[in-house]
Amino acid sequence: MEADIRNKELLLKEFENYLTDQNRSKHTIRSYLYAVSQFFQRYSEITISNLQSYKLYLFEHYKPRTINLRINGMNRFLTYVGWTDGLVSLIKIQRPVYLEHVISEGDYEYLKIRLLADKKYFYYFLIRLMAATGARVSEVVQFTVADIQIGFKNIYSKGNKVHRIYIPRLLRKDMTKWLKETKRLSGDIFITSRGKRISDSGIRKQLKNMALCYHLDERVMYPHSFRHRFAKNFVRYCDNISLLSDLLGHGSLEATRIYLRRSSLEQKEIVNQVVDW
């Protein structure tokens with residue numbers, strides 16, 4: 001079966017509305033739409049040959065997780081338009097035996113000190129909220145003043161599932177004081193100078209700027225690094241992997257077990273300390 005999709009812009013808009021109705025996150029919707037748009041920039045019609053060529057193109061230009069994200073987007077679109085000739089298979093991703101590029105406890109504490117000294121309270125509380133709650137970047141931008149007041153944030157995902165993110169008592173106290181001093185009584189916490197919610201990409205850009213400003217390893221200065229820091233610290237002080245899985249909003253324990261492993265830097269340090277032969 002070949003599918004010659006005409007009026008692609010209209011179809012993409014309808015597909016976007018469909019994903020929204022399915023309670024897909026903004027990040028997922030954006031990624032899926034990008035995959036479909038990328039496919040149609042290269043091919044004028046849907047055929048098995050073109051789909052396999054697209055998969056090969058992805059394989060040559062992207063990392064495995066990105067490849068599967070693009071394939072998922074295309075498969076969702078194919079299902080939406082009624083494609084019946086078989087979906088594109090995902091590639092197998094070998095789970096790493098270590099965590100890579102996680103900000104160290106020392107660098108995290110150093111970063112907090114420098115941000116406070118420079119009175120950059122906005123980003124001080126932003127990174128602290130990620131590291132003290134394990135919130136994803138797409139979740140942390142959703143926090144409101146009301147969430148700080150009640151001490152938790154409910155994140156709703158597909159199927160009306162609720163993931164509750166708890167705000168530690170000390171952080172809640174410090175943020176409440178800051179919000180009062182800045183006369184922030186309601187609404188989103190992390191907003192730009194124009195009064196709009198800061199974007200995920202905006203946070204990533206600022207973290208890279210912090211790495212340059214404070215001479216930190218740029219490879220560990222990305223949002224998920226602070227989520228990793230939360231998980232590593234939690235395992236250290238509370239050996240309850242099942243609870244950690246719930247707090248992170250993971251769908252299974254397998255996704256959480258990686259935090260029982262050492263980071264690549266920790267592995268290197270242990271080898272240097274132990275091996276003397």
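Residue-level check: of (1) open to solvent by 20 Å² or more (accessible area, probe 1.4 Å); (2) out of contact with any Asp or Glu (no Cβ under 9 Å at 6 or more places or on another chain); (3) at negative phi, HIS27 misses just (2). Restricting the search to helices (runs of 4 or more DSSP H) fully inside segment 1-83 and requiring at least 2 residues that are out of contact with any His (no Cβ under 6 Å at 6 or more places or on another chain), free of Cβ contacts under 8 Å to residues at least 60 places away in the same chain and more than 29 Å from GLN142 (Cβ to Cβ) gives 8-21, 26-42, 48-61. Restricting to segment 43-71, name every residue that is of a type in the set (Lys, Arg) and closer than 17 Å to LEU87 by Cβ. Of everything in segment 43-71, those that are of a type in the set (Lys, Arg) and closer than 17 Å to LEU87 by Cβ turn out to be LYS55, ARG70.
With respect to the stated conditions, ARG76 fails to be open to solvent by less than 40 Å² (accessible area, probe 1.4 Å) and more than 30 Å from ASN233 (Cβ to Cβ). Select from segment 151-181 the residues that are of a type in the set (Val, Ile, Thr), out of contact with any Leu (no Cβ under 8 Å at 6 or more places or on another chain) and surrounded by 11 or more Cβ atoms within 10 Å (Cβ to Cβ) and list them in ascending order. Result: ILE155, THR176. ARG261 - would you say it is at pLDDT 70 or above and open to solvent by 80 Å² or more (accessible area, probe 1.4 Å)? It is false that ARG261 is at pLDDT 70 or above and open to solvent by 80 Å² or more (accessible area, probe 1.4 Å). For beta carbons closer than 6 Å, sequence separation of 6+ or different chains, a first residue in segment 229-240 that is surrounded by 12 or more Cβ atoms within 10 Å (Cβ to Cβ) and a second that is among the hydrophobic types (A, V, I, L, M, F, W, C), the qualifying pairs are ARG229/ILE103; ARG229/ALA131; PHE230/ALA131; PHE234/LEU244. Being of a type outside the set (Lys, Arg), loosely packed, with under 15 Cβ neighbours inside 10 Å and either touching a Pro at 6+ places or on another chain (Cβ under 6 Å) or on the phi < 0 side of the Ramachandran plot (or both): is that true of TYR222 here? No, not satisfied. In the set (1) more than 20 Å from ALA231 (Cα to Cα); (2) open to solvent by 30 Å² or more (accessible area, probe 1.4 Å), VAL145 fails one condition alone, (2). Number of residues in segment 32-48 that are surrounded by fewer than 17 Cβ atoms within 10 Å (Cβ to Cβ) and among the small types (Gly, Ala, Ser): the value is 2. The single condition from (1) loosely packed, with under 12 Cβ neighbours inside 10 Å; (2) touching a helix residue (DSSP H, G or I) at 6+ places or on another chain (Cβ under 7 Å); (3) at pLDDT 85 or above that ILE93 fails is (3). Only one entry in TYR62, TYR43, TYR32, TYR57 is within 25 Å of LYS161 (Cβ to Cβ) and not hydrophobic (A, V, I, L, M, F, W, C), namely TYR32. Given the criteria open to solvent by 40 Å² or more (accessible area, probe 1.4 Å), basic (Lys, Arg), more than 26 Å from GLN22 (Cβ to Cβ) and modelled with pLDDT of 85 or more, does ARG197 qualify? It is false that ARG197 is open to solvent by 40 Å² or more (accessible area, probe 1.4 Å), basic (Lys, Arg), more than 26 Å from GLN22 (Cβ to Cβ) and modelled with pLDDT of 85 or more.
Scanning segment 102-142 for residues that are crowded, with 18+ Cβ neighbours inside 10 Å and in contact with a Ser or Thr (Cβ under 7 Å, 6 or more places away or on another chain) turns up VAL102, ILE103.
The values are calculated or read from the model by the stated rules, or taken from the named source; none is laboratory data. Quantities reported herein were computed from a predicted structural model and do not represent experimental measurements. Neighbour counts are summed over all protein chains in view; Cβ atoms, including those assigned to glycine, are modelled from backbone coordinates with ideal geometry. Ligands, DNA and RNA are stripped out before the accessible areas are found, and what is left, the full protein with its side chains, is counted by its heavy atoms. Shrake-Rupley method; radii C 1.70, N 1.55, O 1.52, S 1.80 Å.
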